[in-house]
Amino acid sequence: MITDIIGIGKVTACELIIKTDNFTTINTARKASSYAGVCPFPNSSGKMAGKSRVSHMADKELKSLLYMCAVSAVRLNPEYRLYAERKKLEGKPYYLIMNNISNKLLRTIYSIIKSGKRYQIGYITEDPRLNENVA
């Protein structure tokens, strides 16, 4: 089951199903990450470059559940652990890393829901440019 492998709890899975109306009202990962408040918005204009911000109108309950799942995923899943270590070596702050992992978890969940396939640790996506059927 997806909750056991990628580190999201059953409470978070139920909350996602309820909040997204079984993934029909919020049908893309981008919309879900914006709704949950884990999608950063750039804050720059012209020569001024400010810090990226997240929406203050986010669903804070879902965001906190995703944060707890991100902590669990870093602890249990080697892919997320390596991602967190790489970002830490780049000098990124801890909460930014956890926000990125929460966003990554949502994208993973939506890709699993969309494809209907099981989650595979270490799965590498094929490059669509190498596919001969693409014109």
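The values are calculated or read from the model by the stated rules, or taken from the named source; none is laboratory data. Everything quoted here is computed from the prediction, not taken from an experiment. FYI the Cβ positions are ideal-geometry reconstructions off the backbone, even for glycines, and counts take in every protein chain you see.
Things worth noting here:
- Identity of the residue in segment 4-57, modelled with pLDDT under 85, within 14 Å of the chain's Cα centre (by Cα) and outside any loop (DSSP other than H, G, I, E, B), that ends up surrounded by the fewest Cβ atoms within 10 Å (Cβ to Cβ): Ala13
- The lone criterion from (1) crowded, with 21+ Cβ neighbours inside 10 Å; (2) more than 26 Å from Asn27 (Cα to Cα); (3) modelled with pLDDT under 90; (4) of a type in the set (A, V, I, L, M) left unmet by Leu76 is number (1).
- The sole residue among Tyr95, Tyr83, Tyr67 that is modelled with pLDDT of 85 or more, closer than 22 Å to Ile113 by Cα and in a helix (DSSP H, G or I) is Tyr67.
- In segment 17-43, the residues that are in contact (Cβ under 8 Å) with a residue 12 or more places away in the chain reach residues that are buried (at least 17 other Cβ atoms within 10 Å of the Cβ) and of a type in the set (Gly, Ala, Ser) with C-beta atoms within less than 6 angstrom, at least six apart or across chains, in these pairs: Val38/Ser102; Cys39/Ser33.
- For the condition within 21 Å of Asn22 (Cβ to Cβ), of a type in the set (Ser, Thr, Tyr) and surrounded by 15 or more Cβ atoms within 10 Å (Cβ to Cβ), Tyr67 does not qualify.
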